[in-house]
Amino acid sequence: MQIKLTRESILWAYRLLLDREPENQKAIDAQLQGAANTQELRQNFMRSQEFQNKNQQTHHLPLAGDEPPMNIENVSDRALLQVLFKHIQDTWSYLGETEPHWSVITSEQFLQSQINTTKELFYDSGRANVVQLLKTLDRNGLDRSAFKSCLEYGCGLGRVTRWLSEKFETVFGYDISRAHLQSAEHYLENQGISNINLRHVREVKDIENLPKVDVIYSAIVLQHNPPPIISLIVKEMITALNPGGVAYFQVPTYRMGYNFSLEKYLHDEATRREMEMHVLPQGTIFDIVRKEGGNIVEVLEDNWTGFRPKERSNTFVIQKSTRLV
Ligand SMILES: C[S@@+](CC[C@H](N)C(=O)[O-])C[C@H]1O[C@@H](n2cnc3c(N)ncnc32)[C@H](O)[C@@H]1O
């Protein structure tokens with residue numbers, strides 16, 4: 001059941017979740033604008049630093065450590081990888097043509113019916129992602145003054161790319177959906193941003209031909225691809241890094257009950273045009289990273305998939321070795 005938001009619901013969210021009154025009317029308006037229903041409002045409050053600081057006892061580890069393994073079939077045959085890729089491409093092209101903003105952030109307020117009034121909020125939301133990336137580089141002592149080029153893999157509508165363009169001289173935005181890219185191009189042109197090169201990923205071969213860059217960023221992208229495609233993208237992202245360069249990417253790494261069988265997947269999913277959510281275990285990612293000459297700098301727990309029990313999403317920070325492997 002969805003309950004419509006009122007000023008009263010915002011007041012009570014402050015009282016129950018933060019133990020205080022809102023600062024002023026502006027703060028109430030911002031919360032009213034930032035959520036379409038009580039579920040989204042609750043999520044926004046519970047993700048805030050203030051809620052987390054004040055409610056440390058409510059945080060539970062997503063995994064207890066006694067979870068069973070997942071069975072994930074590996075696929076390396078090129079023709080089959082292309083079949084999987086094409087299916088994901090068809091899905092995202094369809095989403096890009098029908099609900100582009102909602103497909104990026106699945107909140108009701110970003111449906112096409114509302115986007116005229118919420119577009120600014122949509123693009124503003126990408127700024128925090130870049131702040132997080134930069135703070136992560138700083139926390140790990142990675143000198144970002146040396147990083148001139150950045151590639152966002154799965155750039156969508158340019159929500160994050162437009163902020164990356166303020167921090168790097170050259171930025172590449174790669175995406176599987178032409179419709180998303182066309183919309184991104186239009187937006188960036190309107191904003192007068194000219195240092196972003198948008199590139200369409202048409203086939204598997206294009207993933208294998210990424211340009212050499214200093215930083216690669218990818219969030220809420222790999223999760224929408226079946227595990228063999230996630231593996232391929234992770235491998236190619238590390239390959240594309242200049243020596244000493246850093247890849248920062250998010251992948252769900254465990255979900256209780258998740259399995260991947262190629263035959264079952266092709267049978268069950270091939271004709272659907274729905275957003276899929278997949279998983280690749282940490283161990284597989286570590287193996288790929290090592291083989292491609294990457295060093296694991298940090299693995300963060302993140303909440304890109306929401307806080308669900310028995311499910312874990314991680315953000316990986318990988319630095320390419322400065323030595324040849
Ligand atoms: C949820 S949106 C996120 C967009 C952007 N990363 C952001 O945070 O605003 C996912 C994007 O990834 C793209 N995508 C999904 N699978 C992809 C793949 N295998 N290669 C390139 N782009 C992909 C989709 O077309 C879509 O634009």
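The values are calculated or read from the model by the stated rules, or taken from the named source; none is laboratory data. Source: prediction; values computed, not measured. Note that each Cβ is placed from the backbone with ideal geometry, even for glycine, and that neighbours are counted across all protein chains shown. When the accessible area is computed, the model is the full protein with side chains, heavy atoms only, and any ligands, DNA or RNA have been set aside. Shrake-Rupley method; radii C 1.70, N 1.55, O 1.52, S 1.80 Å.
Sequentially through region 219-226, phi angles give Karplus couplings (6.51, -1.76, 1.60; θ = phi - 60°) of 10, 6, 10, 4, 4, 8, 10, x Hz, Gly and Pro residues having no value and appearing as x. Annotation: per residue accessible area for region 78-320 equals 43 Å², rounded to a whole number [probe 1.4 Å, protein chains only].
As a ratio to 2.2 N^0.38 Å, the alpha-carbon radius of gyration for region 7-55 is 1.01. Dipole magnitude for region 7-55: about 100 debye, using +1 per Lys or Arg Cβ and -1 per Asp or Glu Cβ, origin at the Cα centre. Placing +1 at every Lys and Arg Cβ and -1 at every Asp and Glu Cβ, with all other atoms neutral, what dipole size does region 200-325 have around its Cα centre, in debye to the nearest 20? I would put it at about 180 debye. Beta bridges from DSSP with both residues in the chain: antiparallel share about 45 percent, rounded to the nearest 5. The amide H of VAL297, built 1.01 Å from its N in the peptide plane, has VAL317, ILE318, GLN319 as neighbours under 5 Å, considering only residues 5 or more places off or on other chains. The trypsin sites (Lys or Arg not before Pro) of region 60-131 include none that meets both criteria, a DSSP state outside H, G, I, E and B (loop) and at most 16 other C-beta atoms within 10 angstrom of the site's C-beta.
With 0.36 nm allotted per residue and the present C-alpha distance subtracted, the ASP206-GLU8 stretch has 66.1 nm of extension available. In region 7-55, the portion of solvent-accessible area held by carbon and sulfur atoms comes to 50 percent [1.4 Å probe, whole percent, DNA, RNA and ligands not counted]. With a Förster radius of 22 Å applied to the beta-carbon distance between GLU269 and SER76, the computed FRET efficiency rounds to 0.65. Computed about the Cα centre, the dipole magnitude for the chain is approximately 420 debye when only Lys and Arg (+1) and Asp and Glu (-1) carry charge, each at its Cβ. Residue-normalised convex hull volume from the C-alpha trace of region 161-310: 139 Å³ per residue.
Extension gain, GLN56-ALA146: 0.36 nm per intervening residue step, less the Cα-Cα distance, totals 28.6 nm. Backbone amide hydrogens, once placed in the peptide plane, bring GLY245 within less than 5 Å of LYS320, excluding anything fewer than 5 places away on its chain. Remark: C-alpha extents of the chain on the principal axes read 58, 50, 43 Å, sorted largest to smallest.
Choose one of SER103, TYR248, PRO226: the residue whose Cα lies farthest towards the positive end of the charge dipole of region 78-320 (beta-carbon charges +1 Lys, Arg; -1 Asp, Glu; about the Cα centre). With unit charges placed on the Cβ atoms, the residue in question is TYR248.
Considering all different alpha carbon pairs of region 231-301, the Kirkwood hydrodynamic radius works out to 14.1 Å. Surface composition of region 78-320: carbon plus sulfur atoms contribute 48% of the solvent-accessible area (1.4 Å probe, protein chains only, all chains present). Accessible surface for region 7-55, divided over its residues, is 60 Å² per residue with a 1.4 Å probe.
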